[in-house]
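Following: one structure in structure tokens, then a few remarks.
The values are calculated or read from the model by the stated rules, or taken from the named source; none is laboratory data. Given the structure is predicted, the values throughout are model-derived calculations rather than measurements. Cβ: placed from backbone, ideal geometry, glycine included. Neighbour counts: every protein chain shown.
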């Protein structure tokens, strides 16, 4: 049973998660209900791949050189070839865009990439491949085990391209000094 709805909140990984995609990750929760949880890692860019590379693979010409150099992040381990766009709420496609919160929406259709390519997309966007998901009750269990910290504070974290400092910045926003965090494993 869900006691709290995490939709629109950030998950910040604790030092308990010390390897893989979730190490020092920040996840935007986009859906959280009795069916489970869906979110996107927002601070792990794909190495050596930018939006131009993906657009070229989709057959787009590179009209928007500025956008072609945009980073693409690993949204999570599920559906790694599916593209999603976390974006500002000034863009909406009826029945295809999920309003995550007052300042954030997400769209996962080719239509948004077509609109962005034509200069008709949202004012702010973060491109993601794949998503993260939890079965019903799984995320709640991980939170109880201190694997994740929750935050309602975003500031400029979602759309910042300073990926190396996002995790530290997220912790500082909730009043935690990252240098004082330790993993239980190996600590005395």
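Does residue 13 satisfy being under 13 Å from the mean Cα position of the chain (by Cα) and free of Cβ contacts under 8 Å to residues at least 24 places away in the same chain? For residue 13, the condition - under 13 Å from the mean Cα position of the chain (by Cα) and free of Cβ contacts under 8 Å to residues at least 24 places away in the same chain - is not met. So which of 187, 183, 165 is part of a loop (DSSP other than H, G, I, E, B) and either more than 15 Å from residue 24 (Cβ to Cβ) or modelled with pLDDT of 90 or more (or both)? Every option except 187 fails the conditions. On the given criteria, is residue 133 part of a loop (DSSP other than H, G, I, E, B), under 14 Å from the mean Cα position of the chain (by Cα) and within 13 Å of residue 30 (Cβ to Cβ)? Here the answer is no, as residue 133 does not meet what is asked. Where strands (runs of 3 or more DSSP E) sit wholly within region 23-124, those with at least 2 residues that are touching a strand residue (DSSP E or B) at 6+ places or on another chain (Cβ under 6 Å) and loosely packed, with under 13 Cβ neighbours inside 10 Å occupy 78-87.
With respect to the stated conditions, residue 15 is within 30 Å of residue 180 (Cβ to Cβ) and in a loop (DSSP other than H, G, I, E, B). Looking across region 147-156 at every residue that is surrounded by 12 or more Cβ atoms within 10 Å (Cβ to Cβ) and modelled with pLDDT of 90 or more, the one that is farthest from residue 11 (Cα to Cα) is identified as 147. Of everything listed in (1) over 26 Å from residue 123 (Cβ atoms); (2) out of contact with any helix residue (DSSP H, G or I) (no Cβ under 7 Å at 6 or more places or on another chain), the single unmet condition for residue 89 is (1).
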